[in-house]
Amino acid sequence: MVLLRSFVPSLGALLLAAGQAAAQGVLIDKSEIRFISRQMGVNVEGRFRRWKANIVFLPKELGRSKADLDVDLASIDLASDESETEVKRPQWFDTGKFPIAKFVSSSIRDLGSDRYEVSGTLTIKGITHDATVPLTLKKDAAGNNLAEGSFTIKRLDYKIGEGEWADPETVANEVIVRVRMVLPPVK
Amino acid sequence: MTLHWLAALLIVGGFTLGLSMVDLPISRQKLQWYAWHKWIGITVFLLACARLGWRARYRAPPPVEMPAWQQRSATISHRLLYALMLVIPVSGWLYSSATGVQVVYLGWVPLPDLVPKHKELAAVLRAVHVTLNFTLLALVCVHTAAALKHHYVDRDSVLTRMLPGSRNP
């Protein structure tokens, strides 16, 4: 179930980042994209099993840094097989037509004390909105950069849950997305 | 006695609800039924605790005359019933946690997640929860049959002393 994918750095990122005290690529099997939605007052946790990231992190050259993510929406891990099947339907993610959710960063700001703010656009179900992801950077024991943060999206902005499911009393509009990215240092 | 009949009602209701809700298509109603099912389960757990507390303070009324093997069987099945009233709700709570769904008692008291979300574990816990419930069903049938046998065949007071209006607590 846990998809083990080895670290595949993007060649471009590698070239760009070479020689910098920086990070590129992401250790997929150590990283995660989770979310918490609220169904009738109850927190329901899920995550995405498959996604790709193109991350270049140059603390001294944030203008050349980026964080682009492609999330395979059909790889969703939810409470039950039944709910996983449900959210792939047209009323929700419509993964047949829109298999990928895309985040493309446009700028990364240094907020000081190892906090950063990644701004960009998030596209789900063919609908694009601006999104801002605050991240806190830490070093883990292996010397990797650990970037963690959470942000809230409004599911109805992306038409996730239409018709009978549009009612935020049943499924809250706000969905908290938690990202944890482990970025290896450049050797 | 009141606790006994309240628990009986909730167990029958919770069991029936559990059986019906799993076949519902995903809908608001399904989510609601799951919530009710969980609230009932937690209530049964609390009632069982209250009854055990009561029993610790006040002895059970002395058993009516019956053969020793019946007495022994009754003791064993009562202990099993209590055990299941405690274990089944916890197994359901564990299962809910393993699927990543929080339990919020009465839509008001959020209970902590006992285990992190884990798909394989959830499948195991589901099987455990279902198996324990059918064990409980079998035991409830035996319990009921024994009560009716005492009433209609032995014509003793085992059933009537559990009815409202009786002087026993």
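The values are calculated or read from the model by the stated rules, or taken from the named source; none is laboratory data. Note that the structure is predicted; figures quoted are calculated from it, not measured. Don't worry about glycine lacking a Cβ; one is built from the backbone with ideal geometry, like all the others, and counts go over all protein chains shown.
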Would you say A:Leu156 is away from chain B (no Cβ under 14 Å), surrounded by 19 or more Cβ atoms within 10 Å (Cβ to Cβ) and on the phi < 0 side of the Ramachandran plot?
-> no
Pair list, Cβ under 6 Å, 6 or more apart: region A:97-108 residue at negative phi, other residue of a type in the set (Phe, Trp, Tyr) and crowded, with 19+ Cβ neighbours inside 10 Å = A:Ile108/A:Tyr116
B:Ile42 being touching a residue at least 60 places away in the same chain (Cβ under 8 Å), assigned to a helix (DSSP H, G or I) and of a type in the set (A, V, I, L, M, F, W, C) | yes
A:Pro99 being away from chain B (no Cβ under 14 Å), over 30 Å from B:Pro112 (Cβ atoms) and buried (at least 16 other Cβ atoms within 10 Å of the Cβ) | no
Return the pairs, sorted by first residue and then second, in which the second residue is crowded, with 18+ Cβ neighbours inside 10 Å and among the hydroxyl-bearing types (Ser, Thr, Tyr), the first residue lies in region B:123-134 and is in contact (Cβ under 8 Å) with a residue 24 or more places away in the chain, the beta carbons are less than 7 Å apart, and the residues are 6+ apart or on different chains.
-> B:Leu125/B:Ser91; B:Leu125/B:Tyr95; B:Arg126/B:Tyr95; B:Val128/B:Ser91; B:His129/B:Ser91; B:His129/B:Tyr95; B:Leu132/B:Ser91
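Residue-by-condition table, conditions (1) modelled with pLDDT of 95 or more; (2) surrounded by fewer than 16 Cβ atoms within 10 Å (Cβ to Cβ); (3) in a loop (DSSP other than H, G, I, E, B):
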site: B:Pro116; (1), (2), (3): no, yes, yes
site: B:Leu121; (1), (2), (3): yes, no, no
site: B:Val124; (1), (2), (3): yes, yes, no
site: B:Ala127; (1), (2), (3): yes, yes, no
site: B:Leu132; (1), (2), (3): yes, no, no
site: B:Leu136; (1), (2), (3): yes, no, no
site: B:Arg161; (1), (2), (3): no, yes, no
site: B:Arg167; (1), (2), (3): no, yes, yes
Across region A:71-93, what is the number of residues that are out of contact with any Asp or Glu (no Cβ under 7 Å at 6 or more places or on another chain), over 23 Å from A:Leu135 (Cβ atoms) and either in a loop (DSSP other than H, G, I, E, B) or more than 12 Å from chain B (Cβ to nearest Cβ) (or both)?
-> 7
Filter region A:29-70 for residues that are of a type in the set (Lys, Arg), away from every other protein chain (no Cβ under 14 Å) and either surrounded by fewer than 19 Cβ atoms within 10 Å (Cβ to Cβ) or in contact with a His (Cβ under 7 Å, 6 or more places away or on another chain) (or both) and give the result.
-> A:Lys30, A:Arg50, A:Lys52, A:Lys60, A:Arg64
Would a scan of region A:86-102 turn up a residue that is closer than 30 Å to A:Lys60 by Cβ, within 12 Å of the chain's Cα centre (by Cα) and not charged (D, E, K, R)?
-> no
Would you please list the contacts, defined by Cβ atoms under 6 Å and residues six or more apart or on different chains, that run from a residue in region B:100-122 that is facing chain A (nearest Cβ under 9 Å) to a residue that is hydroxyl-bearing (Ser, Thr, Tyr) and surrounded by 13 or more Cβ atoms within 10 Å (Cβ to Cβ)?
-> B:Val103/B:Ser96; B:Asp113/B:Ser97; B:Ala122/B:Thr99
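Considering region B:47-65 alone, what residues qualify as being loosely packed, with under 15 Cβ neighbours inside 10 Å and among the hydrophobic types (A, V, I, L, M, F, W, C)?
As a first pass, look at region B:47-65 and keep what is loosely packed, with under 15 Cβ neighbours inside 10 Å: B:49-50, B:52-65.
Scanning region B:47-65 gives B:Cys49, B:Ala50, B:Leu52, B:Trp54, B:Ala56, B:Ala60, B:Val64.
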Working only within region B:8-39, note down all residues that are in contact (Cβ under 8 Å) with a residue 40 or more places away in the chain and basic (Lys, Arg).
-> B:Lys38
Qualifying residues in region A:141-178 (those that are hydroxyl-bearing (Ser, Thr, Tyr) and assigned to a strand (DSSP E or B)) - the one nearest to A:Thr95 (Cα to Cα) = A:Thr152
Is region B:138-153 home to any residue that is modelled with pLDDT of 90 or more, farther than 20 Å from B:Ile40 by Cα and within 12 Å of chain A (Cβ to nearest Cβ)?
-> no
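For region A:22-72, which residues satisfy the criterion of being basic (Lys, Arg) and closer than 18 Å to A:Lys138 by Cβ?
The initial filter retains those residues of region A:22-72 that are basic (Lys, Arg), namely A:30, A:34, A:38, A:47, A:49-50, A:52, A:60, A:64, A:66.
Scanning region A:22-72 gives A:Lys30, A:Arg34.
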Examine region B:16-32 for a residue that is away from chain A (no Cβ under 14 Å), at negative phi and basic (Lys, Arg), and state whether such a residue exists.
-> no
